[in-house]
Amino acid sequence: MNVCIGSWGVGVLQKRRIAKLVFAFLIGISALIIPGAGPAAMDGLGERPAEAAAIRVTMLGTGTPLPVATQYGASTLVEAGGQALLFDCGRGCGIRLAQARREIFNKLDAVFLTHLHSDHVVGLPDLWLNGWTQGRRAPLSIWGPVGTKDMMTGIRSAFAFDTHMRGEVERVPASMTGLQTDIVEISGDGVIFRQGGVTVTAFLVDHAAIDPAFGFRIDYDGKSVLLSGDTRPTENLVKYGSSVDLFILDVMSPMMIKNVRAQRTSREAEIIIGHHMTASQAAEIFARTGPRLAVYTHTINKSAVAANLIAATREGYAGPLLVGEDLMEISIGAKILVRRPPGSALPALD
């Protein structure tokens, strides 16, 4: 199992190599190498790994519907084969994308929505409008469940004054084409995207009453990523997640479940909990699929909560496991390299 983990500083100019190395020393850059993995391909401070990666995943937002300054809404960037693909667009997605990859903010190739709960789409107006005003020249391509077209019609109507003033009166954006959207509604399992050697497969998941809801599998150059979306256990996770390199899974930690039950009526609590995966259920899914690396998302990731979640998962799963955090970067090649943002206090790779 080749997995390396480290931390890096964000935003230091590439040409200031010496200054970056000093900064790396100050923040304590580190790497954990799983036995047998070989030297860590980490020359630090936000640079791409020395070893070429087939797929690079950046977890832009790993939070829940609760507004928390350290965890933005559900959103994941996947880069492969020259494609920049965004999966979900929750609260603060545009901010995180600008932090992680400002150069592609207005050049995204596609957006994929797992479902239409607000915490997965509330950042879409910002992404759509700011991408346009900052120079997007092609329509924004969006894949989502039935209802996505209606949602975008409503968003367009809500911001009609803004788009009219900027686009038709002030004529500030370079291209009105960048305001357009190409929307494809998906309703079942199957390949929905092929470009640059990258394949995206959508598959139905079980988000209780939210129907349809989807997970996505991304394949490129023999490497693979599965994003579960919000779901409780379903055989499709096993079918499409078998032997993937990276499995990113929605979960409710034991401490989250305890808090929900304390703050809600018993009926409300069971409905909320019943929409998601518990640690024991996730452990079974991971054990059956055997990913090279399993990562949790859509969960509170304070250090004590994360440690408790990992401990609960260990009762049924022994493979490499992390709790995700905003701006965590995972590069998938012969090795899997994980870079944490500065100041991370989450448990080490377990």
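Show me the helices (runs of 4 or more DSSP H) entirely contained within region 106-221 in which 1 or more residues are farther than 15 Å from Asp88 by Cβ and over 20 Å from the mean Cα position of the chain (by Cα).
124-133, 148-158, 160-164
What are the pairs with Cβ atoms under 9 angstrom where one residue, in region 249-267, is under 10 Å from Met277 (Cα atoms) and among the acidic types (Asp, Glu) and the other, located anywhere, is at pLDDT 85 or above and part of a helix (DSSP H, G or I)? Sequence gap at least six, or different chains.
Asp250/Ala282
One line per residue, one yes/no per condition, for (1) buried (at least 24 other Cβ atoms within 10 Å of the Cβ); (2) within 23 Å of Gly196 (Cβ to Cβ); (3) out of contact with any Pro (no Cβ under 7 Å at 6 or more places or on another chain); (4) at pLDDT 95 or above:
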residue	(1), (2), (3), (4)
Asp88	yes, yes, yes, yes
Gly94	no, no, yes, yes
Glu103	no, yes, yes, no
Lys107	no, yes, yes, no
Phe112	yes, yes, yes, yes
Gly123	yes, no, yes, yes
Ser141	no, yes, yes, yes
Asp150	no, no, yes, yes
Ala160	no, no, yes, yes
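Using beta carbons and a limit of 6 Å, which pairs, at least six apart or on different chains, have the first residue in region 98-124 and more than 23 Å from Thr201 (Cα to Cα) and the second one part of a loop (DSSP other than H, G, I, E, B) and at pLDDT below 95?
Note: pairs meeting the criteria are Ala98/Phe105; Asn106/Gln134; Asn106/Gly135; Asn106/Arg136.
With the condition kept exactly as written, say whether any residue in region 190-210 is surrounded by 14 or more Cβ atoms within 10 Å (Cβ to Cβ), under 17 Å from Asn106 (Cβ atoms) and not aromatic (Phe, Trp, Tyr).
No, every residue in region 190-210 fails to be surrounded by 14 or more Cβ atoms within 10 Å (Cβ to Cβ), under 17 Å from Asn106 (Cβ atoms) and not aromatic (Phe, Trp, Tyr).
Being touching a strand residue (DSSP E or B) at 6+ places or on another chain (Cβ under 9 Å) and among the hydrophobic types (A, V, I, L, M, F, W, C) is the filter; apply it to region 58-73 and report the residue that is surrounded by the fewest Cβ atoms within 10 Å (Cβ to Cβ). First the steps, then the outcome.
As a first pass, look at region 58-73 and keep what is touching a strand residue (DSSP E or B) at 6+ places or on another chain (Cβ under 9 Å): 58-64, 71-73.
Adding the requirement that they be among the hydrophobic types (A, V, I, L, M, F, W, C) leaves 59-60.
Details: Met59: 25, Leu60: 30.
Filtering first and then ranking leaves Met59.
Residue-wise test of (1) part of a helix (DSSP H, G or I); (2) not hydrophobic (A, V, I, L, M, F, W, C).
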position: Ile248; (1), (2): no, no
position: Gln281; (1), (2): yes, yes
position: Ala294; (1), (2): no, no
position: Ile310; (1), (2): yes, no
position: Leu337; (1), (2): no, no
position: Ser344; (1), (2): no, yes
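Looking at region 319-335, which of its residues are out of contact with any helix residue (DSSP H, G or I) (no Cβ under 8 Å at 6 or more places or on another chain) and in a loop (DSSP other than H, G, I, E, B)?
Pro320, Gly324, Glu325, Gly333, Ala334, Lys335
Is there a residue in region 256-271 that is farther than 19 Å from Leu237 by Cβ, among the basic types (Lys, Arg) and in contact with a strand residue (DSSP E or B) (Cβ under 9 Å, 6 or more places away or on another chain)?
No.
Could you tell me whether any residue of region 276-290 is modelled with pLDDT of 95 or more, at negative phi, under 20 Å from the mean Cα position of the chain (by Cα) and among the polar types (S, T, N, Q)?
Yes, some residue in region 276-290 is modelled with pLDDT of 95 or more, at negative phi, under 20 Å from the mean Cα position of the chain (by Cα) and among the polar types (S, T, N, Q).
The values are calculated or read from the model by the stated rules, or taken from the named source; none is laboratory data. Everything numeric in this text was worked out from a predicted model, so none of it was measured. A quick note on method: Cβ atoms are made from the backbone with ideal geometry, for glycine too, and the neighbour counts reach across all protein chains shown.
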